[in-house]
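K.L.:
Can you read through this structure? Questions will come right after.
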Amino acid sequence: MGKIGIVTLNGYFNYGNRLQNYALQEILRELGFEVETLINNTKINDENNLNEKSKISKKNINRLYNIIVSKLWRYLYLNKINHQRIQIFKNFSLQYIFESNFCISEDSIPEDLMEQYEFFVTGSDQVWNPNYRKGSPIEFLTFAPPEKRIAYAPSFGVSKIPSKYIDNYSKWLSEISNLSVREE
């Protein structure tokens, strides 16, 4: 059997993400494939941060003070805890998840990627959530020919797709030859 590249959310911050990545990898390995999770270097959506800043500027002084104190407390005390948590996820990934030794992004796809992998699988997480990666085509596997694209239980994670993504999502979904999803 050939080699499969998994494209998923591969940050070190979420139990569900790490476990689904590992479970998908192990199922594919049991089917006889060599499996590798591709490190996706596409930037995470920062629109939420911009929205937060615009909301803060409209708050009254007392509310603004409470927000600043809360953020300062998070920075001083939770930073250490979050660092430890991230390290645990990284250790788990290093030990159990086979990750590529290169990164992919919209602007950087290795020239020999198609020769390295027989198939690419996207999922099984909220890889199509427009709030995460601004509707990136990477999670729809647009870098690969349609016959190499497989969607395994990916999710949108939202009840409505923003109108600015609908045309691309429709096109990209129609080009996936093997498609299973969580939502209708």
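The values are calculated or read from the model by the stated rules, or taken from the named source; none is laboratory data. The structure presented is a predicted model; accordingly, all values stated were derived computationally and were not measured. As a convention, Cβ positions derive from the backbone with ideal geometry for all residues, glycine included, and neighbour counts pool all protein chains shown. Note: accessible area is taken over every heavy atom of the protein model, side chains too, but ligands, DNA and RNA are not part of it. Shrake-Rupley method; radii C 1.70, N 1.55, O 1.52, S 1.80 Å.
K.L.:
Considering only residues of region 122-142 that are open to solvent by 40 Å² or more (accessible area, probe 1.4 Å) and closer than 17 Å to ILE6 by Cα, which is modelled with the highest pLDDT?
P.N.:
The first filter runs over region 122-142 and keeps only residues open to solvent by 40 Å² or more (accessible area, probe 1.4 Å), leaving 126, 131-132, 134, 142.
Still in the running and closer than 17 Å to ILE6 by Cα: 126, 142.
Values: GLN126: 91, THR142: 96.
The residue in question is THR142.
K.L.:
Scan region 110-122 and report the pairs whose first residue is more than 15 Å from ILE39 (Cβ to Cβ) and whose second residue is open to solvent by 50 Å² or more (accessible area, probe 1.4 Å) and not in a strand (DSSP E or B), with Cβ atoms within less than 9 Å and a gap of 6+ or a chain change.
P.N.:
GLU118/MET1; PHE119/GLU147
K.L.:
Still on this structure, I have one more. Scan region 162-184 residue by residue and report those that are of a type outside the set (S, T, N, Q), touching a helix residue (DSSP H, G or I) at 6+ places or on another chain (Cβ under 6 Å) and assigned to a loop (DSSP other than H, G, I, E, B).
P.N.:
To start, the set of residues in region 162-184 that are of a type outside the set (S, T, N, Q) comprises 162, 164-167, 169, 171-173, 175-176, 179, 181-184.
Subset that is touching a helix residue (DSSP H, G or I) at 6+ places or on another chain (Cβ under 6 Å): 162, 165, 172, 175.
Result: PRO162, GLU175.
K.L.:
Still on this structure: From TYR117, TYR165, grab the single residue that is farther than 21 Å from GLY5 by Cα, open to solvent by less than 30 Å² (accessible area, probe 1.4 Å) and under 20 Å from the mean Cα position of the chain (by Cα). Spell out the reasoning first.
P.N.:
Numbers: TYR117 fails: farther than 21 Å from GLY5 by Cα.
Step by step, each of TYR117, TYR165 is checked, and only TYR165 is farther than 21 Å from GLY5 by Cα, open to solvent by less than 30 Å² (accessible area, probe 1.4 Å) and under 20 Å from the mean Cα position of the chain (by Cα).
K.L.:
With region 60-158 as the region, which helices (runs of 4 or more DSSP H) entirely inside it contain at least 2 residues that are among the aliphatic types (A, V, I, L, M)? Spell out how you get there, then give the answer.
P.N.:
Numbers: elements: 61-73, 79-96, 113-116, 130-133.
Counting at least 2 such residues, we get 61-73, 79-96, 113-116.
K.L.:
Another question, if that's okay. Quick one: in region 93-108, which of the residues that are touching a strand residue (DSSP E or B) at 6+ places or on another chain (Cβ under 7 Å) and farther than 23 Å from PRO137 by Cβ is surrounded by the fewest Cβ atoms within 10 Å (Cβ to Cβ)?
P.N.:
For region 93-108, the residue satisfying everything is PHE98.
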